[in-house]
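Notes to accompany the following structure.
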Amino acid sequence: MAFIGIDVSKAKLDVLWLRQSSPRKVKTRVFRNHQPSLKELTQWLLKQTGEAPQQIHVVMEATSIYHENLAYALHGAGMQVYVANPARVKEFARSEGVLNKADKQDSLVLALYGQEKHTRLTLWQPEAVEIRQLRSLMGRLEALEKDLQRERNRHEKALATDTNERVMSSIEEMIAALRAQIDQLKKDIDNHIDGHPSLKHDRELLKSIPGVAEVCSVQLLALLRSRDFVCARECAAFIGVVPVQAESGSSIRRQTRISKAGRSSIRQKLYMAAITACQHNPDIRALRRRMQDKGKAAMAIVVAAMRKLVHIAFGVLKHQQGYIPQTA
């Protein structure tokens with residue numbers, strides 16, 4: 001069994017094979033982080049370790065999009081791939097007394113992390129092609145919506161100042177172009193989902209939940225179909241809507257907060273859905289009443305509603321059945 005740590009950056013991949021733990025012996029090599037080099041990296045690992053692909057455990061950190069091609073290449077070669085949470089790896093490095101920050105040092109930490117934790121780590125699994133395409137469309141839509149908001153802010157400032165007519169015209173033209181692109185992308189997303197019967201069916205199931213409309217249903221669909229969550233709690237933790245307590249003895253009594261561990265974009269959509277669900281979803285309306293009777297703060301109620309929505313969405317897709325209120 002071989003443990004490999006790969007420190008991923010935009011330009012290069014620092015690969016380290018942990019040949020022996022005590023005394024520590026390693027073998028390293030640097031590859032360019034682009035598609036043609038990935039086959040060479042895979043062949044190097046097989047040749048150096050002499051292990052069967054399924055006996056090679058590779059650990060890397062999630063680094064925006066720069067680790068994805070590497071993960072697909074290694075998984076396609078039959079290796080065991082783990083995409084670790086950078087925060088967990090950082091905590092492990094501190095526990096090992098590692099203070100330096102360097103690419104080779106980081107790859108060593110990843111290899112050690114994989115050797116010690118591989119029985120508890122979750123194997124990385126590639127997303128289905130239709131989900132990858134859906135997420136790419138959603139990512140582009142989100143970027144354009146942010147650009148549109150920036151242009152609207154500029155337009156508002158321009159109206160409040162003595163702005164050149166050409167500048168005002170440029171801003172207005174950009175706003176119109178962005179709106180057209182956003183409308184087209186929304187149509188493309190709908191067409192993509194309609195073109196895959198399973199995605200279309202799942203989206204209709206999610207939309208049966210009061211509070212989950214067009215936008216939130218797409219976000220939840222892409223998330224819940226992007227990985228195999230064991231339970232609804234795991235999904236809620238991945239999104240970052242679980243409570244985090246900070247209490248110890250009698251001296252530490254900090255206010256409970258949410259973890260915010262996952263993508264902020266889906267939490268934003270869930271927030272608006274939860275506001276609506278508090279009024280129109282019978283289960284979440286009952287949850288709100290119970291929490292109000294206990295004197296809970298308004299924001300705590302909304303966060304609980306967000307978490308409840310995730311649980312309901314998970315159950316709807318798991319059982320492939322439309323929403324049925326559980327409140328008596």
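Bear in mind that the values in this text are calculations on the coordinates, not laboratory data. Just so you know, these numbers come straight off a predicted model, no measurement behind them. Here the Cβ positions follow ideal geometry from the backbone for every residue, glycine too, while neighbour counts run over all protein chains shown.
Please give the FRET efficiency for residue 152 paired with residue 51, using the beta carbon to beta carbon distance and R0 = 51 Å, rounded to the nearest 0.05.
Efficiency computed from Cβ-Cβ geometry: 0.35.
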## Note on the structure
Rounded to whole angstrom, the alpha-carbon centroid of the range 160-230 lies from that of the range 1-79 at a distance of 36 Å
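Report the full-extension gain for the segment residue 299 to residue 68: residue separation times 0.36 nm, less the Cα-Cα distance, to one decimal in nm.
79.6 nm
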### Under 30 Å from residue 200, Cα to Cα: lysines that are on another chain or at least 8 residues apart
146, 186, 187, 260, 269, 308, 318
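How much of the DSSP bridge set in the range 2-117 is antiparallel, in percent, rounded to the nearest 5?
Close to 55 percent.
So what's the back-of-envelope 222 nm ellipticity for the chain, counting only DSSP H runs of four-plus at -39500 (n - 2.57) apiece and dividing by all residues, rounded to 500? Can you show the working numbers first?
Numbers: 12 runs with 191 residues, N = 328.
Helices in the chain give a 222 nm mean residue ellipticity of -19500 deg cm²/dmol.
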### Summary
Scalar couplings 3J(HN,Hα) for the range 264-278 by Karplus 6.51 cos²θ - 1.76 cosθ + 1.60 (θ = phi - 60°), nearest whole Hz, x for Gly and Pro, are 6, 4, 6, 5, 4, 5, 5, 4, 5, 5, 5, 4, 5, 5, 4
### Query
For the charge dipole of the chain, defined by +1 on Lys and Arg C-beta atoms and -1 on Asp and Glu C-beta atoms about the Cα centroid, which residue among 84, 45, 300 has the Cα displaced farthest towards the positive pole?
300
### Query
Which whole-Hz ³J(HN,Hα) couplings does the range 41-46 yield from phi under the Karplus relation 6.51 cos²θ - 1.76 cosθ + 1.60, θ = phi - 60°, glycine and proline marked x?
4, 4, 5, 5, 5, 5
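How large is the charge dipole for the range 129-195, taken about the Cα centre, if only the Cβ atoms of Lys, Arg (+1) and Asp, Glu (-1) carry charge, to the nearest 20 debye? List each step's numbers first, then the result.
On the way: 12 positive and 14 negative charges, 46 e Å.
It works out to roughly 220 debye.
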### Query
the chain: longest stretch without exposed trypsin sites (Lys or Arg not before Pro) (DSSP loop, at most 12 other Cβ within 10 Å), sites themselves excluded?
121-293
### Query
Can you give me the pair-distance distribution of the chain, C-alpha pairs, 20 Å bins, whole percents?
25, 47, 27, 1
### Query
Over the chain, what is the percentage of antiparallel beta bridges among all DSSP beta bridges, to the nearest 5?
65 percent
### Task
At most 16 other Cβ atoms within 10 Å and a DSSP loop assignment: could you name the GluC sites (Glu not before Pro) in the range 90-166 that fit?
96, 127
### Query
How much length is gained on full extension from residue 100 to residue 122, taking 0.36 nm per residue of separation minus their Cα-Cα distance?
5.2 nm
### Query
Counting Lys and Arg as +1 and Asp and Glu as -1, each charge on the Cβ, what is the dipole of the chain about the Cα centre in debye, to the nearest 20?
1080 debye
### Task
Taking the dipole about the Cα centre of the chain, with the C-beta of Lys and Arg at +1 and of Asp and Glu at -1, give me whichever of 55, 22, 319 is farthest to the positive side.
22
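By how many nm would the segment from residue 91 to residue 264 lengthen if fully extended, with 0.36 nm per residue of separation less the alpha-carbon distance?
Working it through step by step, the gained length comes to 60.0 nm.
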### Task
Send over the per residue convex hull volume for the range 36-156, Cα only, as a whole number of Å³.
165 Å³
#### Entry: Given charges at Cβ of Lys, Arg, Asp, Glu: the chain dipole, positive-most of 217, 177, 287
287
### Task
Return the long-range amide H neighbours of residue 62 (sequence gap of 5 or more, or a different chain), with a cut-off of under 5 Å between placed amide H atoms.
84
## Note on the structure
Scalar couplings 3J(HN,Hα) for the range 112-120 by Karplus 6.51 cos²θ - 1.76 cosθ + 1.60 (θ = phi - 60°), nearest whole Hz, x for Gly and Pro, are 5, 4, x, 5, 7, 10, 4, 6, 10
